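Trainee: Input: one structure, supplied below.
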Amino acid sequence: MTEVWKLVHSERAALVADLRDVSGDRWDTPSLCPGWTVHDVLAHLVDTARTTRGRFVVGMLRARMDFDRQNEHGLARARGATPDETLRRFAECVPMTATPPAPLATRLVEMVVHGEDVRRPLGIVRTYAPAAVAGALALQIRTSTSFGGARETVAGLRLSATDTGLVVGSGPEVRGTALALLLAISGRPPGGDALTGPGVEALSRAE
């Protein structure tokens, strides 16, 4: 648990540093999350970093058990009057250890996947800690799609991470870096020919 929080805190601090020079209408750049700008995603990260188990339950009840509605409420609550204010709020969240009622590794998924949701549209490149990507990938593979994971998406496929040696599953193979695999199974475009193998087409259909 301590090691996971170290990774999460490190990734939060890195995102703060990467976004300090973003200004003006660049904050309105569409993120990889449909319908959200990079400013919106940052506000979402503020909200999730502050969310405790109790706060999550209360939020779901107020949203009438609609997860998307809860996210929108949280985003609106956490978003500052300006992007700089939102970034300041996120910087204050760096050392926090609050978490909703979910596996702790979901915090890694948040920081790596949402980190790319923000960075890629802005042209920012981040080399993530391998352990952070591996932890996020492992959780997504074993978590049902109904809970935001990719278990059903990757069923019948063999995922091979070319940079870590991780091999999971059986069937037509999909090869790529652990980050590319994580993005693909999380419904994000990994970019260009980041993935290869006979299972790529099946993965694309399943997303």
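Trainee: Given the residues VAL94, VAL112, which is the only one that is in the same structural domain as HIS9 (by TED's automatic domain parsing), more than 18 Å from GLY74 (Cβ to Cβ), crowded, with 16+ Cβ neighbours inside 10 Å and more than 14 Å from the chain's Cα centre (by Cα)?
Mentor: VAL94
Trainee: Suppose we keep only residues that are among the acidic types (Asp, Glu) and surrounded by fewer than 18 Cβ atoms within 10 Å (Cβ to Cβ) within the stretch 44-73. Which one would you say is modelled with the lowest pLDDT?
Mentor: First, the residues of the stretch 44-73 that are among the acidic types (Asp, Glu): 47, 66, 68, 72.
From what is left, the residues that are surrounded by fewer than 18 Cβ atoms within 10 Å (Cβ to Cβ) are 66, 68, 72.
On the way: ASP66: 67, ASP68: 73, GLU72: 82.
If we take residues in the stretch 44-73 being among the acidic types (Asp, Glu) and surrounded by fewer than 18 Cβ atoms within 10 Å (Cβ to Cβ), then ASP66 is modelled with the lowest pLDDT.
Trainee: Now for a different question. Here are some residues: VAL16, VAL41, VAL8, VAL22. Which one is β-branched (Val, Ile, Thr), modelled with pLDDT of 95 or more, surrounded by 14 or more Cβ atoms within 10 Å (Cβ to Cβ) and closer than 19 Å to PRO103 by Cβ?
Mentor: The conditions single out VAL8.
Trainee: Assuming GLY80 fulfils every condition listed in (1) at pLDDT 95 or above; (2) in a helix (DSSP H, G or I) apart from one, which condition is it?
Mentor: GLY80 satisfies every listed condition except (2).
Trainee: Among residues belonging to the stretch 178-190 that are touching a residue at least 40 places away in the same chain (Cβ under 8 Å) and in a loop (DSSP other than H, G, I, E, B), point out the one that is surrounded by the most Cβ atoms within 10 Å (Cβ to Cβ).
Mentor: Here the residue is SER186.
Trainee: Under the condition of being in a loop (DSSP other than H, G, I, E, B) and buried (at least 16 other Cβ atoms within 10 Å of the Cβ), which residue from the stretch 25-38 is modelled with the lowest pLDDT?
Mentor: CYS33
Trainee: May I ask you to list pairs of residues, at least six apart or on different chains, whose Cβ atoms are under 9 Å apart, with the first in the stretch 12-23 being under 13 Å from HIS39 (Cα atoms) and the second being in a helix (DSSP H, G or I) and of a type in the set (Lys, Arg)?
Mentor: Note: pairs meeting the criteria are LEU15/ARG119; LEU19/ARG119.
The values are calculated or read from the model by the stated rules, or taken from the named source; none is laboratory data. This structure is a prediction, so every number in the text was calculated from the model and none was measured. All Cβ positions, glycine included, derive from the backbone under ideal geometry; neighbour counts span all protein chains shown.
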